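The values are calculated or read from the model by the stated rules, or taken from the named source; none is laboratory data. Just so you know, these numbers come straight off a predicted model, no measurement behind them. With ideal geometry, Cβ positions are generated from the backbone for all residues, glycine too; neighbour counts draw on all protein chains shown. Remember, those area values only see protein heavy atoms, side chains included, never the ligands or the DNA or RNA. Shrake-Rupley method; radii C 1.70, N 1.55, O 1.52, S 1.80 Å.
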Amino acid sequence: MAHIIPEDGTELPLMEEFYTIQGEGYNSGKAAYFIRLGGCDVGCHWCDVKESWDAELHALTAADLIVQSALKYPSKNVVVTGGEPLIYNLDYLTGELHRHGIKTFIETSGAYPLSGHWDWICLSPKKFKAPMPDVTAFAHELKVIVFNKSDFAWAEEHAQRVSPQCKLFLQPEWSKAKEMMPLIVDYVMNNPQWEVSLQTHKFMNIP
Ligand code: SF4
């Protein structure tokens, strides 16, 4: 039987949750509890979590239970990721995390309307489904995955749409890292408003 996901976000399709270190972007190096929600229709061909795409494969889980699990760990940072977490209404989950003193970070493509109360919004736009303007306006961090040379111009297009305070990161797509890294290094040295982001968790052999 198909999931009936409550619109108030009190239950969410949970793919996995784990305590680790945020490997990418502005919060790289910080211990955090990761909540990975199932469901994504953005369709990046290089996606490394394709098993997240079908929400039906992931058990509907009470948001209260997810919060209780997060509270067991020493870090008070939670990263909500996916899949595409903004498919769901995240007001309840993030409200409860805040009520328990936990900081809320999200990793999103921005393809769905913004919900939730966030301490940090990392927008990683994808060519396959454009980000919504409300997510772009509130992003604290723009993280563009560089898969080929044309992605630098595309990154600049998005940089025009975020707020002036938004941090700008370029991150090589993992399978293209060898090829793209020298271009990224060169680009950041010439355009220092951008910074390099690496998937450091892959070097640390952690999830
Ligand atoms: Fe995968 Fe994220 Fe792209 Fe969805 S948005 S297909 S989860 S990389």
If L93 meets every condition in (1) away from the ligand (no atom under 16 Å from the Cβ); (2) touching a residue at least 40 places away in the same chain (Cβ under 8 Å); (3) more than 27 Å from H3 (Cα to Cα); (4) not in a loop (DSSP other than H, G, I, E, B) apart from one, which number is that one?
(3)
Among (1) outside any strand (DSSP E or B); (2) within 21 Å of P85 (Cα to Cα), there is one condition K143 misses while meeting the rest; what is its number?
(1)
With the requirement that a residue be part of a loop (DSSP other than H, G, I, E, B), at pLDDT 95 or above and surrounded by fewer than 14 Cβ atoms within 10 Å (Cβ to Cβ), what does the stretch 149-207 give you?
K149, S150, Q160, S163, P164, Q165, P192, Q193
The stretch 96-126: number of residues that are in a loop (DSSP other than H, G, I, E, B), in contact with a Phe, Trp or Tyr (Cβ under 7 Å, 6 or more places away or on another chain) and within 16 Å of the ligand (Cβ to nearest atom):
1
As an exercise: evaluate V78 against (1) away from the ligand (no atom under 16 Å from the Cβ); (2) of a type in the set (A, V, I, L, M); (3) open to solvent by 70 Å² or more (accessible area, probe 1.4 Å) and give the number of the one condition it does not meet.
(3)
Residue satisfying all of: in the stretch 54-74; under 23 Å from T94 (Cβ atoms) and without any contact (Cβ under 8 Å) to a residue 40 or more places away in the chain; surrounded by the most Cβ atoms within 10 Å (Cβ to Cβ) among these
V67
Residues of the stretch 21-39 that turn out to be open to solvent by 30 Å² or more (accessible area, probe 1.4 Å) and more than 19 Å from F203 (Cα to Cα), as a count
1
Scanning the stretch 23-41 residue by residue, those within 17 Å of Q199 (Cα to Cα), within 16 Å of the ligand (Cβ to nearest atom) and in contact with a His (Cβ under 8 Å, 6 or more places away or on another chain) turn out to be G23, E24
Selection over the stretch 81-90 where residues are assigned to a helix (DSSP H, G or I) and either out of contact with any Pro (no Cβ under 8 Å at 6 or more places or on another chain) or more than 16 Å from the ligand (Cβ to nearest atom) (or both) yields a count of 2
Taking the stretch 96-119 and keeping residues open to solvent by less than 60 Å² (accessible area, probe 1.4 Å) and closer than 15 Å to I35 by Cα leaves E96, L97, I102, T104, F105, I106, E107, T108, G116, W118
Matching residues in the stretch 127-145 (within 12 Å of the ligand (Cβ to nearest atom), buried (at least 19 other Cβ atoms within 10 Å of the Cβ) and not charged (D, E, K, R)) number 2
Looking only at the stretch 42-75, which residues are within 16 Å of the ligand (Cβ to nearest atom) and among the small types (G, A, S)?
G43, S52, A55
